[in-house]
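The values are calculated or read from the model by the stated rules, or taken from the named source; none is laboratory data. Remember, it's a predicted structure, so these values are computed and weren't measured experimentally. Every residue, glycine as well, gets a Cβ built from its backbone with ideal geometry; the counts of neighbours run over all protein chains shown. These area figures cover heavy atoms from the full protein model, side chains too; ligands, DNA and RNA do not enter into them. Shrake-Rupley method; radii C 1.70, N 1.55, O 1.52, S 1.80 Å.
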Amino acid sequence: MTAARGSVAAGWIAAAALALLYGIVIGRVEFGRPDAEIFSDESTYYLMAHSLASDGDLAYRQEDLLRMLREFRSGPRGVFLKKGRTIDGRPDPDPSRLFFGKSFIYPLFAWPFVRLLGTSGFLVFNLVLLALAFACAYQFLAARSGTVISLLLAFGFIFATAVPVYVVWMMPELFNMTLGMGAYFFWLVKEVSPAPAGRAGWLRRPASDIVAAVLFGLMAFSKPTNVVMAAPMLAWLVWRREWRRALVTGAVLGAVTVGLFALNVAISGEWNYQGGERRTCYTKYPFQQPGVGLEICDERGRNEAQSDILFDPQVFWTNLGANIAYFVAGRNSGLLPYYFPLVFATIAFLIARGRRAPWQWFVLGGVLAHIGVQ
């Protein structure tokens, strides 16, 4: 019992120490320098978090632009903006505002840090996410391995990849990864560890599946294709004929996802945050000058799935083969140079005959499905 408690404590101590050390390194990042620039998705998430922190809303107005220009002289280069609608579909009656063409879930979680620390709050929030991701990896590994081995493997899985680079990005990549790590931890820890005593006992009960479903729902709203990451958990429960747990877990996942999209409707009048009259602005921005609106920006709306193009027989198999090669080996990125531990873990799993747990096949299937929809 004492060893188990010590193992748990070692993971949290290591996570806090890594966050602190990494925080010292990224503490040299300075915002507001004359040469500082920001562009594309970062511009959008920056404006969203600061709008929540300063104005308490998710609307783009002139004061949002002026606030950003004081810190980044180039402005929100590449920001995604769109016109809003009323609930019944009419044009937004307020011409002094626009809305953001990205999911609000990452800025929603980051805004308390931004309100307290300014733009540096993004980095602090990302450090918290990094520590949580490491802790989830370690605690899962420690259920079956010793403390030293678990620390080394968890460190390699996080830091022998491109993940640490995301700490200095004001974008949801690290946020999504941490949600995924947490969701799989809450789903699978009961499959690899004996029943813990005391307050941690609930991890062995169905309540942990509910937590996983909530996290998967947040991931799905952040990026809809992430919903396939929840499929292995639901398929696992169905395979084990735990019908009630599968139904409840699926209902929670659906409620969280649909509820967040419904909230998006309440904010901008549309369920699709990338749809409608969505545009990208690069050098000139709405409300920068009197009478200048969204019309000065380039169209970037995504109102159709484009399935006729994606599944065109003349290009589908050629594109699929090329995309698989690029995804694994890389052209400008790829699993081998950026996420080698995943490639190593997959190969190790496939050659470990006789020692594979059934749930591991479900996880592998989920990973492949997620790659397929990217």
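Go through the range 122-143 and give me each residue that's part of a helix (DSSP H, G or I) and without any contact (Cβ under 8 Å) to a residue 60 or more places away in the chain.
Within the range 122-143, Phe125, Asn126, Leu129, Ala133, Cys136, Ala137, Phe140, Leu141 qualify.
What are the residue pairs meeting all of these: first residue in the range 340-358, first residue open to solvent by 50 Å² or more (accessible area, probe 1.4 Å), second residue not in a helix (DSSP H, G or I), Cβ atoms under 7 Å, and 6 or more apart or on different chains?
Phe340/Ala160
Looking at this structure, is Ala231 of a type in the set (Gly, Ala, Ser), in contact (Cβ under 8 Å) with a residue 12 or more places away in the chain and more than 23 Å from Gln360 (Cβ to Cβ)?
Taking the combined requirement at face value, the residue does not satisfy it.
Okay, residues lined up against (1) of a type outside the set (Gly, Ala, Ser); (2) loosely packed, with under 13 Cβ neighbours inside 10 Å; (3) assigned to a helix (DSSP H, G or I); (4) modelled with pLDDT under 70:
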site	(1), (2), (3), (4)
Ile309	yes, yes, yes, yes
Gly321	no, yes, yes, no
Leu336	yes, no, yes, no
Gln360	yes, no, yes, no
Leu364	yes, no, yes, no
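Return the residues of the range 211-228 that are open to solvent by 30 Å² or more (accessible area, probe 1.4 Å), at pLDDT below 95 and part of a helix (DSSP H, G or I); say none if nothing qualifies.
Correct list: Pro224, Thr225, Val227, Val228.
Just one of Met171, Met181 is outside any helix (DSSP H, G or I) and either closer than 30 Å to Leu81 by Cβ or under 17 Å from the mean Cα position of the chain (by Cα) (or both); which is it? Break it down stepwise before answering.
Working: Met181 fails: outside any helix (DSSP H, G or I).
Testing whether each residue is outside any helix (DSSP H, G or I) and either closer than 30 Å to Leu81 by Cβ or under 17 Å from the mean Cα position of the chain (by Cα) (or both) leaves just Met171.
Collect the residues in the range 60-76 that are surrounded by 20 or more Cβ atoms within 10 Å (Cβ to Cβ) and not acidic (Asp, Glu), keeping them in residue-number order.
Matches in the range 60-76: Tyr60, Met68, Phe72, Gly75, Pro76.
Answer yes or no: is there a residue in the range 269-292 that is more than 19 Å from Arg205 (Cβ to Cβ), in contact (Cβ under 8 Å) with a residue 40 or more places away in the chain, in a helix (DSSP H, G or I) and open to solvent by less than 40 Å² (accessible area, probe 1.4 Å).
Within the range 269-292, none of the residues are more than 19 Å from Arg205 (Cβ to Cβ), in contact (Cβ under 8 Å) with a residue 40 or more places away in the chain, in a helix (DSSP H, G or I) and open to solvent by less than 40 Å² (accessible area, probe 1.4 Å).
Look at Ile38 and say whether it is open to solvent by 10 Å² or more (accessible area, probe 1.4 Å), in contact with a helix residue (DSSP H, G or I) (Cβ under 8 Å, 6 or more places away or on another chain) and under 18 Å from Gly118 (Cβ atoms).
no
Could you tell me which residue of the range 177-199 is modelled with the highest pLDDT, considering only residues that are more than 26 Å from Arg355 (Cβ to Cβ) and open to solvent by 40 Å² or more (accessible area, probe 1.4 Å)?
Here the answer is Met177.
Looking at Lys82, is it among the charged types (D, E, K, R), over 26 Å from Leu117 (Cβ atoms), in contact (Cβ under 8 Å) with a residue 24 or more places away in the chain and open to solvent by less than 80 Å² (accessible area, probe 1.4 Å)?
It is true that Lys82 is among the charged types (D, E, K, R), over 26 Å from Leu117 (Cβ atoms), in contact (Cβ under 8 Å) with a residue 24 or more places away in the chain and open to solvent by less than 80 Å² (accessible area, probe 1.4 Å).
On the basis of being open to solvent by 10 Å² or more (accessible area, probe 1.4 Å), within 27 Å of Arg97 (Cα to Cα) and not in a loop (DSSP other than H, G, I, E, B), does Arg244 make the cut?
no
Out of contact with any Phe, Trp or Tyr (no Cβ under 6 Å at 6 or more places or on another chain), part of a helix (DSSP H, G or I), open to solvent by 10 Å² or more (accessible area, probe 1.4 Å) and within 30 Å of Asn272 (Cβ to Cβ): does that describe Leu151?
The answer is no for Leu151.
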